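First comes the structure, then the notes that go with it.
No lab work stands behind these numbers, since they all come straight from the coordinates. Just so we're clear, the structure is a prediction, and the values are computed from it rather than from any experiment. Note: ideal-geometry Cβ built from the backbone for every residue, glycine included; neighbour counts use all protein chains shown.
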Amino acid sequence: MSRIGKKPVGLPAGVSASVSGQTIEVKGPKGTRNFTATDDVTMSVEDNVVSIKPRGMSKRARQQWGMSRTRVANLVTGVTEGFKKELEIQGVGYRATMQGTTLKLNLGLSHDVDYVAPAGITVTAPKQTEIVVEGIDEQVVGQVAAEIRAWRKPEPYKGKGIRYKGEFVFRKEGKKK
């Protein structure tokens, strides 16, 4: 029995959900999102609560049960609060600025890096050493943050680079004479 799958997903005020076949659509103040589940689970909406049940007790059905419940919970969180990833830039001369909707990164390369975020994602640079990625889709927010971080990952000797806020970078000792 899935401990996660058993829990119903509550719909807060201002959020509505509708199920048609294997697709659930969730509407909220920040937008609309949908998810199509596999045939191994059934979804139903009653009294502002979404419940997911497995069809049978096969291993695949039990796996999809917990995963489907988590995906629906993420839809509800996305349309109510949204998701947010914060990045920090460390290093002398490394900085980020916004020019319109383009994020301009100066990372010690021979050229500046221009990053245009996909639709539905908001990228801001409140300070020169901070980047904030926000949106209603958790997967896309994480992907955008990972793409920005990939331009200059934190290195272990001086700690320079782009890291997630609160990320611990294991530091190494340099060469000895």
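Footprinting exposure proxy ranking of Met57, Met98, Met67, fewest other C-beta atoms within 10 angstrom first, gives Met57, Met98, Met67. Amide H of Lys160 versus every other amide H placed in the peptide plane: which residues, excluding those fewer than 5 positions away on the same chain, fall under 5 Å? Under 5 Å from the amide H of Lys160: Glu155.
For segment 83-164, the spread of Cα positions along the three principal axes, ordered from largest to smallest, is 35, 26, 19 Å. Calculated mean residue ellipticity at 222 nm for the chain: -7000 deg cm²/dmol, from DSSP H runs with n ≥ 4 weighted as -39500 (n - 2.57), summed, divided by the residue count and rounded to 500.
Ranking Gly78, Pro29, Ala146 by how far each Cα lies toward the positive end of the dipole of the chain (charges on Cβ) leaves Ala146 at the top. Taking amide H atoms as placed 1.01 Å from N in the peptide plane, the amide H of Lys84 has no partner under 5 Å among residues 5 or more positions away or on other chains.
For the chain, what Kirkwood radius comes out of the mean inverse Cα-Cα distance, in Å? Computed over the chain, the radius equals 18.7 Å.
Residue exposure proxy: Ser18, Ser110, Ser51, ordered by other Cβ atoms within 10 angstrom of their Cβ from fewest to most, comes out as Ser110, Ser18, Ser51. Centre-to-centre, using Cα atoms only, segment 1-25 and segment 94-142 are separated by 33 Å. Karplus-derived 3J(HN,Hα) values for segment 6-16, using 6.51 cos²θ - 1.76 cosθ + 1.60 with θ = phi - 60°, are 5, 6, x, 9, x, 9, x, 4, x, 10, 10 Hz; glycine and proline are entered as x.
Charged side chains reduced to their Cβ positions (Lys and Arg at +1, Asp and Glu at -1) give the chain a dipole of some 1040 debye around its Cα centre. Rounded to the nearest 20, the Cβ-based charge dipole of segment 3-80 about its Cα centre (Lys and Arg +1, Asp and Glu -1) stands at 400 debye.
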